[in-house]
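The values are calculated or read from the model by the stated rules, or taken from the named source; none is laboratory data. Just so it is clear, the model here is predicted, and its values are computed rather than measured. Heads up, the Cβs are rebuilt from the backbone with ideal geometry, glycines too, and the neighbour counts pull from every protein chain shown. Heads up: the accessible areas ignore ligands, DNA and RNA and are worked out on the full protein's heavy atoms, side chains in. Shrake-Rupley method; radii C 1.70, N 1.55, O 1.52, S 1.80 Å.
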Amino acid sequence: GIVTKIVEIVLEVDKKSEVEPNEYLHSVVFTTVIPILEGSVNLMKVSQHVQPITRSILELFCAVADSGILQIDKKQTHRLYDTCYKCLKCYSDSASKRGALIVGVEDDRHDNILLCLELLSHLCSKDFFNFDEPDSYDETSSRLVLVGLDIIVPHIDVELLKFPKLSNEFFKLITFICEVYPGKVVGLPENVVDQIVLMLKVGLNNYNDDITFYIFNAVQALSVHSADQPHFQKKIGRIIKHTLLLISGQELSAELYDTAADMVFSFICKCREEYLSVVNEIVVQQENPTSQECLRTAFSALIPSSTTNTLTRRDKGKFSKIFENFAVNVYGICR
């Protein structure tokens, strides 16, 4: 219908501007399209049970965010951000109200959640490429993406993450946010943080090496920025523990050892007490005293002798070699 036609127009303008950039053209199109976006949110509210309309509206938002967000001015960008927030909130409220109606309709849920994640990823690009704008610009887009996660994450479960494209988009977005705004992630509502940490832990067992790579990088970034957050350290400590157990059972791809080493090293340097707590949990779970002693020795060898807790490339390189020896020493001990 008309929504599909608008998407086609936006994409056509985007293709034309790639060949012949024209800021005025983008400004005129956005002046026309943004009121349509605002009106489409109201359409979503009154047609919340009609999946094709919901999907088309989310596709429209994705197309607009992807095609023009780098070319419009600050005032227009803020208006777009506000409208995107209302769209995500409207979808979330609608999905929550439908409750049992959406259970079992995995294809519909998959399509909608994937589009929501893609929309947030497109909005991230404003921060990523925006080198010459005031800090307040970054603050606005980062706040929207974090609020967007707060809205969407409760609708994501393990079943949805079985879809490869959705799981890849989710973990890629989570990693980007954790690396760029780790301090803000630590400050998210506890229920959202718990859900994210749960998904990260689940991702270590059930998905491919690319997903594991994303997870390790996300946890590394969070470790560095949670030095004064003991409660948050305990949450990511669950992922560290799970990783160490995977290494003990040689269930981790060798190609990921360097990334795992960087994550564990960052956690040890910035969250020393929680690392010792995680180690103690693993050790006491072993019934054999000899195994306990071997593990204590191996885990102690990972702790840097220096008390400066630096994360330089040189220090990481030295730790990576120590970590390889650790993996050999603990193989098969943990039960």
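Pairs over the 30 Å Cα-Cα cut-off, from the set 172/241; 86/184; 165/321; 75/201; 89/235; 162/318: 165/321; 75/201; 162/318. For residue 86, the accessible area of its heavy atoms, probed at 1.4 Å with every protein chain present, is near 110 square angstrom. On the stretch 41-94, 52 percent of the accessible area sits on carbon and sulfur atoms, based on a 1.4 Å probe. According to the square roots a ≥ b ≥ c of the eigenvalues of the Cα gyration tensor, what is the shape class of the stretch 179-223, taking rounded for a/c under 1.5, prolate for a/b larger than b/c otherwise, and oblate for the remainder? Judged from the Cα gyration tensor, the stretch 179-223 comes out oblate (a/c at least 1.5, b/c at or above a/b).
If you count only protein heavy atoms with a 1.4 Å probe, what accessible area per residue comes out for the stretch 166-321, rounded to a whole Å²?
That works out to 45 Å² per residue.
First check a/c for the stretch 240-316, with a ≥ b ≥ c the square roots of the eigenvalues of its C-alpha gyration tensor; if it is under 1.5, answer rounded, and if not, answer prolate when a/b is larger than b/c or oblate otherwise. Cα axes put the stretch 240-316 in the oblate bin. What does the C-alpha gyration tensor say about the overall shape of the stretch 142-261? Classify as rounded when a/c is under 1.5, otherwise prolate if a/b is larger than b/c, or oblate. Oblate is the answer for the stretch 142-261, as a/c is 1.5 or above yet b/c matches or exceeds a/b. Counting only the Cα atoms, the stretch 212-253 fills a convex hull of 58 Å³ per residue.
The value of relative contact order for the stretch 213-335, using C-alpha pairs under 8 Å at least six residues apart, is 35 percent.
Going by accessible surface with a 1.4 Å probe and the largest first, 315, 93 read 93, 315. Projecting the Cα positions of 290, 233, 275 onto the charge dipole of the stretch 162-300 (unit charges on Cβ atoms of Lys, Arg, Asp and Glu, taken about the Cα centre) puts 233 furthest along the positive direction.
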